[in-house]
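Written out below as structure tokens is the structure these notes cover.
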Amino acid sequence: MPTALLVALGGALGALARWGAALGMARWLGTNAPWGTWSVNLAGCFLIGLALPLLHETHPQRALAVVGFLGAFTTFSTYTADTLVLWEAGRTGLAFANAAGSVVAGLVACGLGLALGRALA
């Protein structure tokens, strides 16, 4: 199967899994906090940590599982894996910069998008 189709299939399954997890967590714990997002992000971090040493970069299963499924399930897992790889490579300054910078930049970008959306609405 072509790699692009594996990524697309994994992405579809990851998106459905994220949606299902969000619904399930809302039913189980209510909607007073983003439990679905929190649980998906933690599960994604665990799963990408499990997959990285088991699936070589050239394995088609990695395209399906990591790029497709986990890419749609949660991008937080990729962000944490990238940060951990930097940390393990001894690039602690860059690891901290990536961790903090991604959060701050994401909040700024989200705030700007929210402001623009409100202005256009």
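No lab work stands behind these numbers, since they all come straight from the coordinates. The structure displayed is predicted, hence computed values, not measured ones. Glycine gets a Cβ as well: all are built from the backbone with ideal geometry, and neighbour counts include every protein chain shown.
Count, please, the residues in the range 37-91 that happen to be surrounded by fewer than 17 Cβ atoms within 10 Å (Cβ to Cβ), β-branched (V, I, T) and either within 11 Å of the chain's Cα centre (by Cα) or part of a helix (DSSP H, G or I) (or both).
4
Using beta carbons and a limit of 7 Å, which pairs, at least six apart or on different chains, have the first residue in the range 89-111 and within 14 Å of F76 (Cα to Cα) and the second one outside any loop (DSSP other than H, G, I, E, B)?
N98/D82; N98/T83; N98/L86; A99/T83; S102/Y79
Return yes when V7 is in contact (Cβ under 8 Å) with a residue 60 or more places away in the chain and within 18 Å of the chain's Cα centre (by Cα) and no when it is not. I'd like the intermediate steps shown before the answer.
Working: in contact (Cβ under 8 Å) with a residue 60 or more places away in the chain: yes; within 18 Å of the chain's Cα centre (by Cα): yes.
Criteria met by V7.
Tell me which residues, restricted to the range 40-59, are among the β-branched types (V, I, T) and free of Cβ contacts under 8 Å to residues at least 24 places away in the same chain.
T58
Taking T31 and the conditions (1) more than 15 Å from the chain's Cα centre (by Cα); (2) part of a helix (DSSP H, G or I); (3) β-branched (V, I, T), which numbered condition does it fall short on, given that it satisfies the others?
Only one criterion in (1) more than 15 Å from the chain's Cα centre (by Cα); (2) part of a helix (DSSP H, G or I); (3) β-branched (V, I, T) is unmet by T31, namely (2).
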